[in-house]
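Participant: Please find one structure pasted underneath; my questions will follow.
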Amino acid sequence: MRIVLGVGGGIAAYKVASLLRLFTEAGHKVTVIPTEAATRFVGVATWEALSGNPVSNSVFDDVEKVNHVRLGHEADLIVVAPATADLLAKAATGQAGDLLTNTLLMAHGPVLFAPAMHTEMWQHAATQANVETLRSRGVTVLEPASGRLTGSDSGPGRLPEPEAIFAAAMALAGSETSPAQGSHSGVLAGRIVTISAGGTREALDPVRFLGNRSSGKQGAALAAAALAAGATVRFLAAHMDVEPPAGVELVRVESALELREAALKAAVDSDVVIMAAAVADFRPAEVSDTKIKKVDGEDAPVVRLIRNPDILHELVERRHADGGQQLIVGFAAETGDAQGDVLEHATAKLKRKGCDLLVVNQVGVGRVFGQDDNSVVILSGHGADPESAAGSKADVAAAVIDRVGTELTRVFPAV
Ligand code: CTP
């Protein structure tokens with residue numbers, strides 16, 4: 001595969017030398033285009049030596065080869081890392097002042113940006129609007145990782161690890177090639193997987209909400225396992241106690257209604273949808289615009305609840321309406337009661353929801369929610385035997401993702 005690797009002017013440029021290595025060791029032909037600023041961090045000689053190709057960012061070098069048109073045209077994939085706030089802005093507004101921005105405008109294949117910058121710059125409304133614009137045009141912009149930044153500060157803004165960028169790039173290009181030292185099994189290589197995680201919050205007034213105990217740990221572990229299996233991951237995060245893994249396309253949501261909108265949108269071209277979020281079944285019927293105050297001598301207010309839509313069920317209905325070959329996975333949190341045990345309730349739920357797989361866990365105070373270990377049974381809507389998985393949430397996630405891979409090829413053999 002021909003890859004153009006654009007390098008932005010940030011300190012993380014040094015990590016991109018390892019990314020370049022992963023690409024070349026996997027047999028890809030890489031042309032590196034560093035910005036002027038990037039060469040202040042890592043010199044042209046390094047890029048030339050590691051890629052085995054000449055390196056320039058000028059539209060006036062080798063003019064007879066028409067590089068500003070040819071490179072973008074011929075590239076099977078363009079990866080920009082680190083994508084600085086400046087580069088994201090230039091790409092979003094279609095500027096063409098140097099060879100890299102020209103190449104981005106001429107792109108014929110998929111384009112992936114791996115941002116790195118200070119947290120304030122990443123969270124600035126201008127940068128977020130640029131990211132939104134690029135994503136709406138079909139460009140993949142990874143979420144930065146969280147952690148120590150250049151100075152003493154820390155927060156979201158670190159470049160995702162080269163292995164994570166490599167996996168996301170290969171998934172985007174639909175290639176199953178893994179890095180020489182890579183470990184992903186590739187069962188989801190080239191697949192788009194949407195995963196919801198965390199607990200929704202249903203507003204009562206501007207300061208209060210009804211929530212649940214979900215920590216989002218299992219959903220985050222599923223996203224990491226799907227990335228490791230080669231998928232492009234759209235991560236719909238409701239309230240979470242942990243950071244989403246670096247390398248996902250992140251959409252933050254708050255309420256069930258917001259999650260519904262994000263899930264229906266993300267599902268349109270997804271191969272797999274996994275609803276791991278704890279979605280509130282009910283929301284307050286009235287949401288006060290102002291803080292609800294206690295008034296001496298008056299009764300406490302009564303909160304009336306109304307039903308939220310069942311997102312999982314709606315996803316299944318829409319999938320059938322479109323005749324789509326999409327695998328839909330639900331999660332069931334069950335306690336068991338006088339009417340039936342956990343498995344009886346789960347089997348009924350699998351039928352009711354109509355999904356392809358249902359991952360069932362037993363809940364209760366201090367059990368599953370917020371814990372680091374989990375134990376589940378995976379039920380199939382297509383007649384396969386139930387399968388148990390236990391261990392850390394990462395172990396359970398790996399088992400679920402593995403099962404998703406097998407079920408995908410079993411249920412839709414032609415895909
Ligand atoms: N779910 C959903 N939309 C809802 C409620 C739940 O998409 N409004 C999804 C969850 O993400 C999960 C599955 O449905 O994948 C099961 O959720 P759970 O709360 O366990 O089941 P319920 O449908 O709420 O059934 P019950 O109230 O009988 O437990």
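Participant: Quick one: which residue in Gly230, Gly247, Gly216 is within 18 Å of Leu358 (Cα to Cα), open to solvent by less than 20 Å² (accessible area, probe 1.4 Å) and touching a residue at least 12 places away in the same chain (Cβ under 8 Å)?
Facilitator: Exactly one of Gly230, Gly247, Gly216 is within 18 Å of Leu358 (Cα to Cα), open to solvent by less than 20 Å² (accessible area, probe 1.4 Å) and touching a residue at least 12 places away in the same chain (Cβ under 8 Å), namely Gly216.
Participant: Still on this structure, please answer the following. Restricting to the stretch 263-282, count the residues that are more than 30 Å from Ser136 (Cα to Cα) and either more than 16 Å from the ligand (Cβ to nearest atom) or touching a residue at least 60 places away in the same chain (Cβ under 8 Å) (or both).
Facilitator: 1
Participant: Check the stretch 61-68 and report whether any residue there is hydrophobic (A, V, I, L, M, F, W, C) and open to solvent by less than 50 Å² (accessible area, probe 1.4 Å).
Facilitator: Checked against the condition, which is being hydrophobic (A, V, I, L, M, F, W, C) and open to solvent by less than 50 Å² (accessible area, probe 1.4 Å), the stretch 61-68 yields no hits at all.
Participant: Here's another thing I want to ask about it. So which residues in the stretch 253-277 are touching an Asp or Glu at 6+ places or on another chain (Cβ under 9 Å) and charged (D, E, K, R), if there are any at all?
Facilitator: Listed by number, the residues that qualify are Glu254, Arg260.
Participant: Where residues in the stretch 166-197 are of a type outside the set (Lys, Arg), modelled with pLDDT of 85 or more and in a loop (DSSP other than H, G, I, E, B), which of them is least open to solvent (accessible area, probe 1.4 Å)?
Facilitator: Leu188
Participant: Among (1) modelled with pLDDT of 95 or more; (2) touching an Asp or Glu at 6+ places or on another chain (Cβ under 7 Å), which single condition is Gly219 missing?
Facilitator: Here Gly219 clears every test but (2).
Participant: Restricting to the stretch 47-100, give me the number of residues that are among the hydrophobic types (A, V, I, L, M, F, W, C), touching a residue at least 24 places away in the same chain (Cβ under 8 Å) and assigned to a helix (DSSP H, G or I).
Facilitator: Total meeting the criteria: 12.
Participant: Going through the stretch 261-280 one residue at a time, which ones are under 29 Å from Arg410 (Cβ atoms) and either open to solvent by 60 Å² or more (accessible area, probe 1.4 Å) or of a type in the set (Asp, Glu) (or both)?
Facilitator: Step one: filter the stretch 261-280 for residues under 29 Å from Arg410 (Cβ atoms), giving 262-279.
Result: Lys265, Val268, Asp269, Asp271.
Participant: For a quick check of your reading of the model, give me the residue pairs whose first member lies in the stretch 317-343 and is closer than 23 Å to Ala278 by Cα and outside any strand (DSSP E or B), whose second is near the ligand (Cβ under 10 Å from one of its atoms) and of a type in the set (Asp, Glu), with beta-carbon atoms closer than 7 Å and at least 6 apart or on different chains.
Facilitator: Pairs found: Val342/Glu334.
Participant: May I pose another question? Would you pick out the residues in the stretch 229-272 that are outside any loop (DSSP other than H, G, I, E, B), under 12 Å from the mean Cα position of the chain (by Cα) and of a type outside the set (D, E, K, R)?
Facilitator: Thr232, Val233, Phe235, Leu236, Ala237, Leu250, Val251, Ala266
Participant: Hey, another quick one. Considering each residue of the stretch 324-373, count those that are modelled with pLDDT of 90 or more, surrounded by fewer than 20 Cβ atoms within 10 Å (Cβ to Cβ) and closer than 29 Å to Ser270 by Cα, and give that number.
Facilitator: Residues flagged as modelled with pLDDT of 90 or more, surrounded by fewer than 20 Cβ atoms within 10 Å (Cβ to Cβ) and closer than 29 Å to Ser270 by Cα within the stretch 324-373 amount to 9.
Participant: Could I ask something else about it? With Leu88, Leu20, Leu50 as the choices, which residue is at pLDDT 95 or above, open to solvent by 40 Å² or more (accessible area, probe 1.4 Å) and among the hydrophobic types (A, V, I, L, M, F, W, C)?
Facilitator: One residue alone meets the criteria, Leu50.
Participant: Is there any pair with a first residue in the stretch 382-393 that is over 20 Å from Lys351 (Cβ atoms) and a second that is among the hydroxyl-bearing types (Ser, Thr, Tyr) and not in a loop (DSSP other than H, G, I, E, B) whose Cβ atoms are under 6 Å apart and which are 6 or more apart or on different chains, and what are they?
Facilitator: What qualifies is Ala390/Ser375.
Participant: Just one of (1) touching a residue at least 40 places away in the same chain (Cβ under 8 Å); (2) farther than 24 Å from Leu149 by Cα trips up Gly10, so point out which.
Facilitator: Gly10 satisfies every listed condition except (2).
Participant: When you go through Pro301, Pro309 one by one, which is the residue that is within 9 Å of the ligand (Cβ to nearest atom), surrounded by 11 or more Cβ atoms within 10 Å (Cβ to Cβ) and part of a loop (DSSP other than H, G, I, E, B)?
Facilitator: Only one candidate qualifies: Pro309.
Participant: For Arg283, only one of the following conditions fails: (1) over 17 Å from the mean Cα position of the chain (by Cα); (2) open to solvent by 80 Å² or more (accessible area, probe 1.4 Å); (3) of a type in the set (Lys, Arg). What is its number?
Facilitator: The number of the failed condition is (2).
The values are calculated or read from the model by the stated rules, or taken from the named source; none is laboratory data. Everything quoted here is computed from the prediction, not taken from an experiment. Neighbour counts run over all protein chains shown; Cβ positions are idealised from the backbone, glycine included. For accessibility, only protein heavy atoms count, side chains too; no ligands or nucleic acids. Shrake-Rupley method; radii C 1.70, N 1.55, O 1.52, S 1.80 Å.
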